[in-house]
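A short worksheet on the structure shown next.
The values are calculated or read from the model by the stated rules, or taken from the named source; none is laboratory data. Not measured: the values here are computed from a predicted model. Neighbour counts are summed over all protein chains in view; Cβ atoms, including those assigned to glycine, are modelled from backbone coordinates with ideal geometry. To get the accessible areas, we keep the full protein, side chains included, count just its heavy atoms, and leave off ligands, DNA and RNA. Shrake-Rupley method; radii C 1.70, N 1.55, O 1.52, S 1.80 Å.
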Amino acid sequence: MKITRVRAYVPPHPNPLFNQSDMVVTVETDAGITGIGEGGSKDTLEQCAGRLIGQDPQHSEHLWQDMSRAFFYPPGREKEDALGALDLALWDIRGKALGVPVHALLGGTVRNYCECYNTAGIIPGIERGMRIRERAQITVAAGYRAFRMGAAEAPANGTYNTRERLNQLYRDCVEAREGVGPNGDWCVDFHQRFDLDEAVRGCGLIESLAPFFVEDPVRAEAFQQDLPILRRMVKVPIAAGEEWGNRWDFNKLVEDHDIDFVRATLANVGGITEMMKIAAICETHFVGIVPHFTGPIATAALVNSLSTYSGPVLMEYNYQGRTLPHLPVCLDFKNGKLYPNDRPGLGVELDFKALKQIAEITEYDTNRAQTYFRPDGSITNW
């Protein structure tokens, strides 16, 4: 089987945020099997996709290494997002070729479903302006494992007085705890809004309310420096990494137990190939995974991959109440939970009438692509 063509499409109402791309990617083969992925941009996809033409799609690890290393500079987060989109499509091809879901290729599921928390989904009964207490109560009643909120939200593009907002944070978290009940779960996203001293104070204020986790308590640029300091000073569980890249970013924080949950993002980390390596590091050190979302196809890929991970998993979900015209078959969601399915590959189907094609790659890209090979044929850097 050989790859013959890669195409990229814009979905209806595309996400304008570059690193949360929900662009649709298809990888076509001479066997008539087409793989589906999601992520990237026209420019970042074209170079990576050019390395796939004429190659065997079932050698996904080799192709991942080639796309990542053939063009001299290590890929940044934006290129890794494109690489990850193509990686999803390669796994989709493999599953379809063998007639099995991707989770079967990864060893099979270890859980009956993936528990979720809601972000931007529309939960029946929740109305604009409703108190946090009521929102939390309705969320857990709908079957979600946890209620999630931002830290002391305020209107965007306005003043955010962090010292005053920390006082509001405590009041909001009291309501969240009351809403989910004494045995329910809630979590709060600090959104990197606070400096280290303020993050320490904020975590201390809400410690007695037992959050499931506090997310991104400090700036991502300072994770390697500040999270180890924060870990020694606070007792709440910490989740971090939705804006990060690959296993080399996460490794030391996981190894040293400076975070309790990894917030890795598909396709931003580089797809299923890279996600499973991150999962192996997490399993080694008993760290959970709370993956960040980008789009519905990537969410389907997360269910396939993380349903095989033996550690704690909590999925971020935001498609309840939203229609996906380009994906008539995609996610199996019910009562606050995402379920694996037995459909081949990623288990998603496209309606191309709802998509706009913006790129087509049919030629193998050798333009300044350079690698060396070890005597056994494995790739090493040029």
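Numbers for the structure displayed
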{"item": "Whichever residue in the stretch 162-219 is assigned to a loop (DSSP other than H, G, I, E, B) and more than 17 Å from residue 239 (Cβ to Cβ) and, among such residues, is most open to solvent (accessible area, probe 1.4 Å)", "result": "183"}
{"item": "In the stretch 150-161, residue modelled with the highest pLDDT [restricted to those that are under 25 Å from the mean Cα position of the chain (by Cα) and surrounded by fewer than 22 Cβ atoms within 10 Å (Cβ to Cβ)]", "result": "150"}
{"item": "Within the stretch 237-263, considering residues that are among the hydrophobic types (A, V, I, L, M, F, W, C) and modelled with pLDDT of 95 or more, the one nearest to the chain's Cα centre (by Cα)", "result": "262"}
{"item": "Filtered residues of the stretch 332-382 (kept if part of a loop (DSSP other than H, G, I, E, B) and among the hydrophobic types (A, V, I, L, M, F, W, C))", "result": "346, 348, 350, 355, 369, 382"}
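Listed here are the residues, each with its yes/no results for (1) part of a loop (DSSP other than H, G, I, E, B); (2) in contact with a Cys (Cβ under 8 Å, 6 or more places away or on another chain); (3) under 18 Å from residue 100 (Cβ atoms); (4) not hydrophobic (A, V, I, L, M, F, W, C).
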residue: 15; (1), (2), (3), (4): yes, no, no, yes
residue: 19; (1), (2), (3), (4): no, no, no, yes
residue: 26; (1), (2), (3), (4): no, no, no, yes
residue: 32; (1), (2), (3), (4): yes, no, yes, yes
residue: 44; (1), (2), (3), (4): no, no, no, yes
residue: 48; (1), (2), (3), (4): no, no, no, no
residue: 56; (1), (2), (3), (4): yes, no, no, yes
residue: 66; (1), (2), (3), (4): no, no, no, yes
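Yes/no matrix, rows are residues, columns are (1) open to solvent by less than 20 Å² (accessible area, probe 1.4 Å); (2) within 19 Å of residue 15 (Cα to Cα); (3) without any contact (Cβ under 8 Å) to a residue 60 or more places away in the chain:
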| position | (1), (2), (3) |
| --- | --- |
| 291 | yes, yes, yes |
| 303 | yes, no, no |
| 309 | yes, no, no |
| 317 | yes, yes, no |
| 336 | yes, no, no |
| 341 | no, no, no |
| 345 | yes, no, no |
